[in-house]
């Protein structure tokens, strides 16, 4: 059974700040790691994914994955008020099941 | 952009009543999922399907049934609704079983059981 935990639960940062969100998982055989973003009252939407150890950058967003530590993180450079949302990390559960286990989420607020 | 449509958007039901939530996808995806979202719990998987005629139990299936009559449609059924099933329900579709592909979510159904 996959156990996914996120920290912090909530975060308030000023516009322009660098923001870091954390996610830990329990199954060392996990292969697929995702961040989804959900604006208030909207559907969750995939933000980024990573499938091998290391770092992946897309614009202002960077994912770090360390499988040995059972940890991955999302870093946002130059945070904007439009980044204010619930951030959900997700990890595959089992091999070839199509199932993702989500964390409880981190609420990010970026104030101008 | 992949499309997943849920209906109704909002539903008020009475305890003991039957509730059916519907989901339609035009992505031609094999997999479909039902999640519920409660404050402090993120998204929890109720039922999922690998194709028409197939349903599988997720992590919290008790009190729910699912039906996948076609590739496009996936329903969640609460035979005897209880107040503890008050929540926001999301349907999602995905291409395959690898989890390497994006899940596409509908806009959600807010269910209140009185």
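The table that follows gives values for the structure above.
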| read-out | value |
| --- | --- |
| Breaking point among (1) under 24 Å from residue B:33 (Cβ atoms); (2) surrounded by fewer than 17 Cβ atoms within 10 Å (Cβ to Cβ), for residue A:15 | (1) |
| Filter result (assigned to a loop (DSSP other than H, G, I, E, B) and more than 7 Å from chain B (Cβ to nearest Cβ)) within segment A:96-112 | A:112 |
| Criterion (more than 10 Å from chain A (Cβ to nearest Cβ), within 11 Å of the chain's Cα centre (by Cα) and in contact (Cβ under 8 Å) with a residue 24 or more places away in the chain) met by exactly one of B:24, B:28 | B:24 |
| Single condition residue B:59 does not satisfy, out of (1) more than 14 Å from chain A (Cβ to nearest Cβ); (2) surrounded by fewer than 17 Cβ atoms within 10 Å (Cβ to Cβ) | (1) |
| From B:29, B:41, residue being in contact with a strand residue (DSSP E or B) (Cβ under 7 Å, 6 or more places away or on another chain) and closer than 21 Å to residue A:88 by Cβ | B:29 |
| Residue in segment A:56-72 that is surrounded by 20 or more Cβ atoms within 10 Å (Cβ to Cβ), in contact (Cβ under 8 Å) with a residue 40 or more places away in the chain, more than 8 Å from every other protein chain (Cβ to nearest Cβ) and in a strand (DSSP E or B) present | yes |
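Only the coordinates and a few stated rules stand behind these numbers; no lab work does. Quick caveat: nothing in here was measured; it's all calculated off a predicted structure. Backbone-built Cβ (ideal geometry, glycine too); neighbour counts: all protein chains shown.
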